[in-house]
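These notes concern the structure reproduced below.
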Amino acid sequence: MGSPRPDRHYLLRQRDVSGIHQLAVYREHGGYQALQQALEANQPDQLVELTKASGLRGRGGAGFPTGMKWSFLPKDGRARVLVVNADEGEPGTFKDRELMEGNPHQLIEGMIITCFAIGAPESYVYIRGEFLHGYERLTAAIREAEEAGILGERVMGTDFSHRMFVYRGAGAYICGEETALLESLEGKRGNPRSKPPFPAVAGLYGRPTVVNNVETIMNLPPLVLEGADWYRQWGTEKSPGLKVMSVSGHVNRPGNYEVPLDWTLAELIEAAGGVRTGHQVKAVIPGGSSMPCMPASQLDTPIDYESLVQAGSMLGSGGCIVMDETTCMVRAVARVVRFYRNESCGKCTPCREGTFWLTDILDRLERGDGEMSDLDTLLDVSDNINGKAFCALGDAAVGFLVSALKHFREEFVEHITGQRCPLGARQYDTVNH
Amino acid sequence: MTQLTIDGRTISVPEGTMVVDAAAKLGIDIPIYCYHQSLGPLGACRICLVEIEKMPKLQTACTTAVREGMVVRTGGPAVEKGRQGILEFLLINHPLDCPVCDKGGECFLQDYSFWYGAGKNRFEESKIQRRKDYPVSSYILLDQERCVLCQRCIRFMGEYVGEEQLMLEGRGVHTVVSTVEGQPATSPYAGNVIDLCPVGALLSEPYHFKARPWNIEREETLCSVCPVGCASLVTGRDGRAVRLEGRPQPELNDYGFLCDHGRFTYDYTYHPRRLTAAELDGAPQSPSAVIAAVGERLARAVAEAGPESVGVLTGGTHTVEEEWALARFAQDVVGTSRLGLVKPVAGDLPLALLGTFGDLAAATGVLLLGVDPYEAVPVVHLKLREARRAHPVAVWGLGDRTLTRATLPGDDYVVEPGRVAAALGAVLGGGDLDERWQALAEGLLTTERLVVLWDGADPGAAAALAQLAARRAGPTAVLPTHGPRNWLGAVRAGIPADDAAARGILEDAAEGRLSALILLGADPIRDFPDGDLAARALERVPSVYFMGAFAPEPRHALAAILPTAVWAEVTGTYANMEGRLQVAHGAAAAPGPARPVRPLVTALARAFGRPLRLGDDFDPFADQDGDRIARPPASQVPEDPAAPAPLRIREGEWALITGEVVAVSHPPSEIAERSRDRFPLRLNPADADRLGLRPEGGLVEVSQAERRFVAGARRDARIPEGRVFVPRGLPEVPVNRLDRGAGVRVALADRVPEGVAAQ
Amino acid sequence: MSERNWPAEWQEWAEASRATFPNAQSSLMPFLHRVRSQRGWLPPEALDAAADLLGMTRQHVNSVVSFYTLFRSEPTGRRTIHVCLGLSCMMAGADTLMENLEHHLGIAEGQTTRDGAVTLLEAECLAACDLAPAAQVNLVYRGPVAPEAFRELLEMPVPEPEGWVPPSAPEAPEVTNHG
Ligand SMILES: Cc1cc2nc3c(=O)[nH]c(=O)nc-3n(C[C@H](O)[C@H](O)[C@H](O)COP(=O)(O)O)c2cc1C
Ligand code: SF4
Ligand code: FES
């Protein structure tokens, strides 16, 4: 059993306090105290050390230790930039949207603390273009903060000045990848950049840049107030703290759940009201559609980064998709691979052509027009994409497919031998086809 | 230096070198599509996968910089499978139409498929259909289905050239290379994308379906159009030149880019105006009859009026060997010393200052003295951009119009027409200069390595340049940008190339002191800076004997015409604007009775009665400075220029300014006709507005005294107000026949008046 | 030179976009967003205006616009419905929702009704899997939308592009390759 559920929300605070997106309400409930404390009582280095000590890991997908990322910035006196990744587009993940809509001031507060820690006079939020409401909430909150002297010249009366910008994406999942995001933020097509140089050395407009996820940054205010040990009371040694998990699919209460990182998948599903009444779990994707799926037999796996890797999947961005026995795995896989085909930026050969090819094969399989050799082709094409693409989208495109073929191969075979979907799933097709 | 091991062999390369280039140094070929040294790494195609010890995944050799002790394997099962996979991906949406593709046999995709090909095609679904034969410029067809999205063309145009005319459109598998509808690529560098395209997606329209790899000859040549003399390959088919491609010269750090004026004008060798018959006194004759007659007449003239009554002028477009043969004929057969070269500008560069493209690449400061390299020597413009990509280069323009441009920004110093040399002299002389000019003086004197591109138009600049070089602590190199193409080759052949030599001959001819004039590819009326003098000379001299490919006007002035073979039809040596000697091979046959110059000259000598033996005793490279022509020491510096006479421009008149524009001065070409500028004259937009010129351009009449000319003109903000720019050599407005010290009148012309040359 | 026949406020917006971010390179997308929300889509003159007012090539503008799905350069309806077809929404019946809409409107995904009122588009995961099946109408979220309750999407009040111009000559709807 994992740690007990915390007595209140630290990130999803709108669940406890209604109206907390307004500055007055946020302040009434202790908002911006952490910032004040950070500015007045801490040296920037201490904040970096605090973050390191807490063991906080990036919530954007890769789980990279946040404090360590900050300390990679070259110490050459150049002004740094913080870019917050609010492009949330990973299928199954919807936490950043709710966090920004419901609790925008905590993001702003976390950003200012981070910028003070890393020495950034400017910060940017790259927000997904579809998040119109989130954009409005966030820009309104920034305006409030500016008017209250929390942003702008001499933040809260200190020597630290800071400007914050919000930039809207326009419909491209790849712009969640940090270098594609920077390209887009510079007004270009969202094609990922070569690394090196890493953003820490030459990022936005060539400046040393830190890219962090919304949720990652929102951890800063409670962390500053409560300290590293407080944070480490949850989770494991290597994966401490709380994580907002997005649970969707065949559960009774889909939604975001702020849970300790040592909970199991079963506990998480339970928190979301359990699997649809009268049904059983067939498979779970624990961390967004880029991650391999796990069969029901693995539900007692804890959701910390290490345990999920050991179980053959990954925590990713924490988008947990629960599928019950009515789900056709071929159709689910076809749908997900099509997502990557549609969202591939097109720069590199394996991702651009490979996802196109896989989609065609999977559609054929789902229609009942497949052949046994297609299964080998699927695996071989996946192998030719995996590790050979320019950015991680290529690998992401085949994670679910390869795992589904491993755990549910017989279902693919039935589609071939029976020349139809055994579950009667029908493919969506436009009326003109 | 960094040491690494590739396939078991060790090599040291400079820090920052990419693995793919390090491997190439060992002769290990790693396949590439998207990578090109001129563009740097992109990592898009993924075909260059290699295995690197201690790295879990395969790496792309084109994006991975070498590291000390790195161990790379470019083969083995993992690498082979990786590359095979990439190839298979590239082929799933690629039509299998190699048999009808112009690039068939010259295609990287075909080659690599042959090496790695999986044999069986596992892709059963239908390919995506896209645009085929889509014209993206006057010369280029795009087949989107064959494109592998390596982005070389896009990056070349956008980053290297700085003219973003091609674009990536769409996303993912729907991404295509395209142009904005209705806006084809117009850049004069666009043709390079044909060479850069690793597959058959970008094709030369003029070469489309013209030949197959097995029925062509592809010979190493040099472009013959301007004095840059770009290295190229000429494709010959059935005796004709049908294609020109760039030829990289790694030893000179040259990527082999051409401009479209050079790339698409090879058809001048079979242009309808090309001379294909010998003529004597206006009537066609067999070449041998004409040779016999000319030899005899020349001998008679020499007997009657002495050898110095014969003048010999070359146009400076033939090979060094041919120019040398002409010089032998003049000096050893006729015995005359009246030998000269017709060049379009009066300035004579002190050859001691002659620089190289290497100097350009290393320059910290570049002075554009009267010349816009984009127009006059286009590939030099690219070389300048290339230099700027490597390190900062200050660029100054000094001329009678703006010489820098968006793709080569710098500081411009615009002076009165004819006062370029005076301005340079004043800058060097100190005196009281305002702040801006002071900055120029300081820049020119203190920049570490200075290169001057000089158009040669203002003769006085030679002295100022010599003075500049003497005053500077660092090296100063001058690159003359004027033609003719092989004038430095003529210098190598011993032909006096200074303005005075040709001028003296023409003056004597005009004064009636010459009995005959021999021209080799020379058109003095069109090209000599004083066209009226040349016209008087040709009218007055009793006999003009012309050898060449295109007859000068007026034809009646020519007593004899002997067609010659030209570039692409002969093998020989040329010297470019650096004075670098290089050999061009022939790949085509000369038409009809056109003969190479050497046998023509020996035949003439025989007919003259004084046989000439042109054995192989002449080697253009012998006793030279490596592959560059020998240059005299710096002491031979010309005198200071006299102060220029003030301009005589009256109320309502415009100053006439000119310059070299290859787009106008290239040899006659039917292919290039499609991109001919209909509005070659240029006016400041404010002036154009006052005239009421239409936005896209229109006809204007340019007049001076009794002379009237009509030509198309357009707006150009780089021309100062009150000036009209007329490209040199433009048939409609022969600027060398107008008085540039005086003004001209410019008016709108709604139609072409009778008796005015119009094309 | 293109004709400068765009509205005066575009000029202001372009200047505002340039001034908003410290680096003018970043001005393109904010400008396009403003025009998009005014017009509902990006007509050719908007791309001309972007290139001209922001000092970019038209190639750059086109290339960028064609990369992002929210930047549509073909006529788009007063009401743009994005039906999420992501995995979680698919599991909740999004395909049927989409089919119902197609049949009701008589158009296929990617098309606009003849009167220009509605454009129907498929969306990739809208990050609203808790609302599955989810949709957006003019970027306003709605969900869960039961497949048979598709009319909600046609009736719910949403802000509309105030400068929207109906398609002058209703063109035959074109099927995109995206299906
Ligand atoms: C294809 C792709 C999509 C991504 N999408 C997102 C995203 O929507 N949001 C996000 O925060 N990170 C995303 N990432 C991860 C980012 O590249 C980056 O690692 C992250 O923003 C770093 O923040 P963190 O250290 O706080 O996790 C994506 C990565 C890839 C390869
Ligand atoms: S893997 Fe390649 S094509 Fe796919 S998104 Fe990344 S760079 Fe683009
Ligand atoms: S040549 Fe290396 S990725 Fe294209």
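Rounded to the nearest Å, what's the spacing between the alpha carbon centres of the stretch C:10-25 and the stretch B:538-569? Just the number, please.
What the calculation gives is 63 Å, centre to centre.
Give me a single rounded figure for B:39-46: the average over its residues of other chain Cβ atoms within 10 Å of their Cβ.
Across the residues of B:39-46, the mean count of other-chain Cβ atoms within 10 Å is 5.
Could you tell me whether the stretch B:655-758 comes out rounded, prolate or oblate from its Cα gyration tensor? Rule is a ≥ b ≥ c as square roots of the eigenvalues, rounded for a/c under 1.5, then prolate if a/b exceeds b/c, otherwise oblate.
Taking the square roots of the gyration eigenvalues as a ≥ b ≥ c, the stretch B:655-758 is rounded.
For chain B, what is the mean residue ellipticity at 222 nm derived from helices alone (per DSSP H run of n ≥ 4: -39500 (n - 2.57); sum divided by total residues; nearest 500 deg cm²/dmol)? Present the calculation step by step, with values, prior to reporting the outcome.
On the way: 22 runs with 187 residues, N = 759.
Taking each H run of at least 4 residues, the total per residue is -7000 deg cm²/dmol.
I need the shape label for the stretch C:1-72. Rule: rounded when a/c is under 1.5, else prolate if a/b > b/c, else oblate, with a, b, c from the alpha carbon gyration tensor.
Rounded.
Considering only DSSP beta bridges with both partners in the stretch B:2-90, what is the antiparallel share in %, to the nearest 5?
So the antiparallel bridges amount to about 85 percent of the total.
So if R0 is 35 Å, what FRET efficiency would B:Arg707 and B:Gln249 give, r being the distance between their Cβ atoms, rounded to the nearest 0.05?
After rounding, the FRET efficiency stands at 0.15.
Would you mind putting B:486-492, A:73-79 in packing order, based on average other-beta-carbon counts within 10 Å, highest first?
Final packing ranking: B:486-492, A:73-79.
I want to check the label-to-label distance for C:His103 and B:Asn215. Put each point 7 Å from Cα in the C-beta direction and report it in nm to one decimal.
6.1
Taking every DSSP beta bridge with both residues inside the protein assembly as shown, roughly what % is antiparallel (nearest 5)? The partial results should precede the final answer.
On the way: 82 of 159 bridges.
For the protein assembly as shown, the DSSP antiparallel bridge percentage is about 50.
Report relative contact order for chain A in percent, whole number only (criteria: Cα-Cα under 8 Å, sequence separation at least 6).
Working: 892 pairs, mean separation 69.2, N = 433.
This gives 16 percent for chain A.
What pairs from A:Lys75/B:Lys54; A:Lys406/B:Lys54; A:Lys69/B:Lys54 go past 25 Å between their alpha carbons?
On the way: A:Lys75/B:Lys54 28 Å; A:Lys406/B:Lys54 29 Å; A:Lys69/B:Lys54 23 Å.
As for pairs spanning more than 25 Å Cα to Cα, those are A:Lys75/B:Lys54; A:Lys406/B:Lys54.
PRE reach from A:Asp76 (point 7 Å along Cα→Cβ): which of the stretch A:165-202 fall under 15 Å by backbone N?
Residues A:196-202 qualify, since their backbone N sits under 15 Å from the label point.
Place a point 7 Å from the Cα of C:Ala117 along the Cα-to-Cβ direction; which residues of the stretch C:129-163 have their backbone N under 13 Å from it?
Backbone N within reach: C:151-156.
List the trypsin sites (Lys or Arg not before Pro) in the stretch C:28-131 that DSSP assigns to loop (not H, G, I, E or B) and whose Cβ has at most 16 other Cβ atoms within 10 Å. Which are they?
On the way: sites: C:Arg34, C:Arg36, C:Arg39, C:Arg58, C:Arg72, C:Arg78, C:Arg79, C:Arg114; in loops: C:Arg72, C:Arg78, C:Arg114.
Hits after loop and neighbour filter: C:Arg114.
Can you give the local net charge around B:Cys223? Use residues other than it whose beta-carbon is closer than 9 angstrom to its beta-carbon, Lys and Arg +1, Asp and Glu -1.
+2
Please give me the summed charge of the neighbours of A:Asp324: other residues whose Cβ is under 12 Å from its Cβ, Lys and Arg +1, Asp and Glu -1.
+1
Measure out, as a whole number of angstrom, how far apart the alpha-carbon centroids of the stretch B:448-497 and the stretch A:62-127 sit.
Taking the Cα centre of the stretch A:62-127 as reference, the centre of the stretch B:448-497 is 58 Å away.
When ranked by the protection proxy of mean other Cβ atoms within 10 Å per residue, highest first, what sequence do the peptides A:384-397, A:152-165, B:655-668, B:606-619 form?
Details: A:384-397: 23.5, A:152-165: 14.9, B:655-668: 21.6, B:606-619: 13.4.
Ranked from most to least packed, the peptides come out as A:384-397, B:655-668, A:152-165, B:606-619.
Taking beta carbons within 10 Å but only from partner chains, what does the mean come to for residues C:67-76?
If you average over the peptide's residues, the count of other-chain Cβ atoms is 5.
What is the dipole size for chain A, taken about its Cα centre, with +1 at each Lys and Arg Cβ and -1 at each Asp and Glu Cβ, in debye to the nearest 20?
Here the size comes out at about 580 debye.
Take every residue in peptide C:140-153, count the Cβ atoms of other chains within 10 Å of its Cβ, and give the average of those counts.
Average neighbour count from other chains, rounded to a whole number: 1.
Rounded to the nearest 5, what % of the DSSP beta bridges within the stretch B:351-480 are antiparallel ones?
Numbers: 1 of 21 bridges.
Around 5 percent of the beta bridges assigned by DSSP in the stretch B:351-480 are antiparallel ones.
With an 8 Å cut-off on Cα pairs and a minimum separation of 6 or more residues, tell me the relative contact order of chain B in percent.
Relative CO of chain B lands at 12 percent.
List the relative contact order of the stretch B:2-90 as a percent without decimals, with contacts defined as Cα pairs under 8 Å and 6+ residues apart.
About 35 percent, as a whole number.
If you filter the stretch B:475-551 for GluC sites (Glu not before Pro), then keep DSSP loop positions with at most 14 other Cβ within 10 Å, what is left?
Sparse-neighbourhood loop GluC sites (Glu not before Pro): B:Glu511.
For B:Lys132, which lysines qualify as cross-link partners when the Cα separation must be under 24 Å and same-chain residues fewer than eight apart are set aside?
Filter leaves A:Lys347, B:Lys103, B:Lys210.
Going by accessible area, probe 1.4 Å, with all protein chains left in place, what is the ranking of B:Ser113, A:Ser184, largest first? Mind showing how you got there, number by number?
Details: B:Ser113 30, A:Ser184 0 Å².
My answer, sorted largest first, is B:Ser113, A:Ser184.
Modelled label-to-label distance, A:Arg143 and B:Phe114, 7 Å Cα→beta-carbon offset: nm?
6.7
Arrange the peptides A:346-359, A:243-256 so that the one whose residues have, on average, the most other Cβ atoms within 10 Å appears first.
A:346-359, A:243-256
Between B:Arg436 and B:Glu124, what is the spin-label point distance in nm, taking each point 7 Å from the Cα along the Cα→C-beta axis?
7.3
About its Cα centre, how strong a charge dipole does the protein assembly as shown have in debye, to the nearest 20, once Lys and Arg get +1 and Asp and Glu get -1 at the Cβ?
Dipole size: approximately 1160 debye.
Given axes a ≥ b ≥ c from the Cα gyration tensor, I'd like to know whether the stretch B:2-90 is rounded (a/c under 1.5), prolate (a/b larger than b/c) or oblate.
Note, shape of the stretch B:2-90 comes out oblate.
Give me the net charge for the shell around A:Val402: Cβ to Cβ below 12 angstrom, other residues only, Lys and Arg +1, Asp and Glu -1.
Summing Lys/Arg as +1 and Asp/Glu as -1 gives -1.
What angle, in degrees between 0 and 90 and rounded to the nearest 10, separates the Cα long axis of helix A:104-118 from the longest principal axis of the Cα atoms of chain A?
Value to nearest ten degrees: 70.
Give the list, by residue number, of cysteines in chain C with no other Cys Cβ closer than 4.7 Å, or say none.
C:Cys125, C:Cys129
Would you please give the FRET efficiency between A:Asp45 and A:Tyr205, computed as 1/(1 + (r/R0)^6) with r the Cβ-Cβ distance and R0 = 25 Å, to the nearest 0.05?
That gives a FRET efficiency of 0.45.
The values are calculated or read from the model by the stated rules, or taken from the named source; none is laboratory data. Note that the structure is predicted; figures quoted are calculated from it, not measured. All Cβ positions, even for glycine, are placed from backbone atoms using ideal geometry, and neighbour counts span all protein chains on display. Note: accessible area is taken over every heavy atom of the protein model, side chains too, but ligands, DNA and RNA are not part of it. Shrake-Rupley method; radii C 1.70, N 1.55, O 1.52, S 1.80 Å.
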